[in-house]
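Report on the following structure.
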Amino acid sequence: MTAVPAQESHAARLREVLPEHSGVTEAGELTIGGVEVSALVEQYGTPLHVFDEIGLREQARRFVRGLRERWPNSDVLFASKSLPAVGMYKIAQEEGLAVDVAGAGELHLALAAGVDPARIYFHGNAKTTAELAFALERGVGTIIVDNTDELDRLDALLTAPQALLLRVIPGVEAETHASQATGGTRSKFGLPMDQALAAIERMRAHPLMRFEGVHLHIGSQILNTAQFAEAVEKISSAGHFPTYDIGGGLGVKYTHADDAPSVEAYLDEIVAAAKAHLPEGSRLLIEPGRSLVARAGVSAYRVVSVKRTGQVFVAVDGGMADQLDVALTLQRYEAVIANRAAEPAAEAVQLVGRQCESGDLLIDGADLPEARVGDVVVMATTGAYSYTTSNNYNGALKPAIVFVADGEARLVTRRETYADLLATHAPALEGGTATD
Ligand SMILES: Cc1ncc(COP(=O)(O)O)c(C=O)c1O
């Protein structure tokens with residue numbers, strides 16, 4: 001068997017951004033959950049999202065136990081927009097997390113996964129009457145109200161007491177990409193403090209609105225934990241309530257050079273702020289998404305072409321159709337050649353996708369061994385928001401999701417098929433009708 005070269009391999013350099021339960025065999029194959037990624041792509045095809053299931057569960061426990069130890073009256077909500085897959089909703093429920101959904105689609109997925117409706121929190125800045133009616137009919141535990149039009153809708157719909165939280169704008173400008181900041185004064189989410197106080201009065205006066213407290217979410221991929229402490233202080237100014245939900249947003253390490261706070265450091269910071277500013281004994285909720293699922297997931301592709309035109313373009317069989325978050329947030333990622341993981345990096349390449357956009361650049365300057373057609377390229381830390389934002393650009397099919405643990409792989413979400421792609425166009429096809 002080949003010995004790992006004395007020079008550090010490109011995969012070893014990325015140890016901290018690859019899934020916790022990953023490794024490299026003597027033959028230089030990257031493994032996740034004890035299974036070679038090359039074998040997974042043989043079986044399930046590419047592009048493929050692969051998750052280290054034990055890593056997912058361990059991270060969930062770090063949040064649940066860590067928060068409970070520090071603030072017993074608490075709950076961790078899985079922000080399901082980060083990985084809206086039925087397999088993941090099931091894990092969240094099994095690991096004792098509640099679930100937050102934003103919209104009827106995520107609510108359908110959560111209910112199908114068997115999540116207890118009482119443990120579901122329903123978000124959204126533009127919930128329709130139909131969505132609210134569906135949530136009420138299915139017994140969703142808590143609705144997180146965004147605005148007064150939503151209160152009008154609830155007023156018309158409610159026939160039984162309903163627990164509500166109100167989303168407020170804390171005025172915290174999160175240090176992150178502009179598209180990921182949601183708590184600044186110009187945010188489209190929630191109400192500014194003065195309007196929030198009026199909305200709270202209205203809920204309190206209503207016979208069926210059970211107002212329980214306030215919610216905020218300052219943004220995503222936030223690496224400075226002091227910003228969460230600031231948010232806790234700001235939310236305390238709304239008043240004394242039974243519940244405070246301080247949202248998600250903890251950032252993760254995407255590149256070997258990034259420095260991201262641990263779950264423990266984050267919890268220490270928010271609980272210290274809660275002890276300083278929130279009423280003793282109140283209920284504290286957090287909603288991690290990215291930090292719960294990002295590291296456990298990778299995306300695997302096949303190299304389709306290697307072109308040397310002054311720059312080295314390594315083109316793979318996926319792209320912004322399954323990895324849109326790169327273009328939305330300009331997040332920098334790292335990659336590994338899974339079938340040659342023990343080799344050192346040889347050059348910095350443009351890792352590009354196959355969609356018809358120059359912006360379909362997965363990694364600008366990925367350090368890789370000299371790539372060859374047919375190699376399996378794995379992008380690390382893609383567990384959050386990649387599947388979420390997958391789309392059909394250029395007729396791409398949404399990828400499959402595989403969970404791997406203890407040497408066993410299981411398909412939790414199948415790849416879309418061309419039949420799926422055509423199905424919604426049935427009205428335009430022979431024999432289809434406008435109402436199909
Ligand atoms: C209301 C709310 N809660 C939680 C989250 C999860 O954030 P993150 O994935 O950064 O933890 C989001 C993400 O946008 C959100 O909008």
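Restricting attention to region 104-145 and to residues that are surrounded by fewer than 18 Cβ atoms within 10 Å (Cβ to Cβ) and not in a helix (DSSP H, G or I), the residue that is nearest to the ligand (Cβ to nearest atom) turns out to be Asn125. Taking into account only those residues within region 187-211 that are in a loop (DSSP other than H, G, I, E, B) and within 16 Å of the ligand (Cβ to nearest atom), which is nearest to the chain's Cα centre (by Cα)? In this case the residue turns out to be Phe189.
Considering only residues that are farther than 26 Å from Lys398 by Cα and not in a loop (DSSP other than H, G, I, E, B), look in region 331-364 and name the one that is farthest from the chain's Cα centre (by Cα).
So in region 331-364, the residues farther than 26 Å from Lys398 by Cα come out as 340-348.
This time we only want the ones that are not in a loop (DSSP other than H, G, I, E, B), so: 340, 347-348.
Working: Arg340: 29, Glu347: 31, Ala348: 28 Å.
Checked region 331-364; the qualifying residue farthest from the chain's Cα centre (by Cα) is Glu347.
Just one of the listed residues (Leu83, Leu77, Leu48) is closer than 23 Å to Gly105 by Cα, within 23 Å of the chain's Cα centre (by Cα) and in the same structural domain as Met379 (by TED's automatic domain parsing), namely Leu48. Of the residues in region 198-219, at least one is over 29 Å from Leu157 (Cα atoms) and touching a Ser or Thr at 6+ places or on another chain (Cβ under 6 Å).
Condition first: over 22 Å from Gln350 (Cα atoms), more than 16 Å from the ligand (Cβ to nearest atom) and out of contact with any Gly (no Cβ under 6 Å at 6 or more places or on another chain). Can you find one or more residues in region 380-394 that meet it? Taking every residue of region 380-394 in turn, at least one turns out to be over 22 Å from Gln350 (Cα atoms), more than 16 Å from the ligand (Cβ to nearest atom) and out of contact with any Gly (no Cβ under 6 Å at 6 or more places or on another chain).
Working carefully through the options Glu269, Glu264, find the one that is modelled with pLDDT of 95 or more, surrounded by 18 or more Cβ atoms within 10 Å (Cβ to Cβ) and part of a helix (DSSP H, G or I). Give the steps one after another, and end with the answer.
Values: Glu264 fails: surrounded by 18 or more Cβ atoms within 10 Å (Cβ to Cβ).
None of the others qualify; the one that does is Glu269.
Restricting the first member to region 414-431 and to residues that are touching a residue at least 40 places away in the same chain (Cβ under 8 Å) and in a loop (DSSP other than H, G, I, E, B), and the second to residues that are of a type in the set (A, V, I, L, M) and surrounded by 10 or more Cβ atoms within 10 Å (Cβ to Cβ), the beta-carbon pairs closer than 6 Å and six or more apart or on different chains are Arg415/Leu397; Arg415/Ala400.
Taken together, the residues in region 230-244 that are within 16 Å of the ligand (Cβ to nearest atom) and either closer than 14 Å to Ala273 by Cβ or assigned to a helix (DSSP H, G or I) (or both) amount to 5. If you check Ala85, Ala60, Ala98, Ala79 for being within 21 Å of Ala405 (Cα to Cα), within 16 Å of the ligand (Cβ to nearest atom) and in contact with an Asp or Glu (Cβ under 7 Å, 6 or more places away or on another chain), only one passes: Ala60.
The values are calculated or read from the model by the stated rules, or taken from the named source; none is laboratory data. Quantities reported herein were computed from a predicted structural model and do not represent experimental measurements. Every residue, glycine as well, gets a Cβ built from its backbone with ideal geometry; the counts of neighbours run over all protein chains shown.
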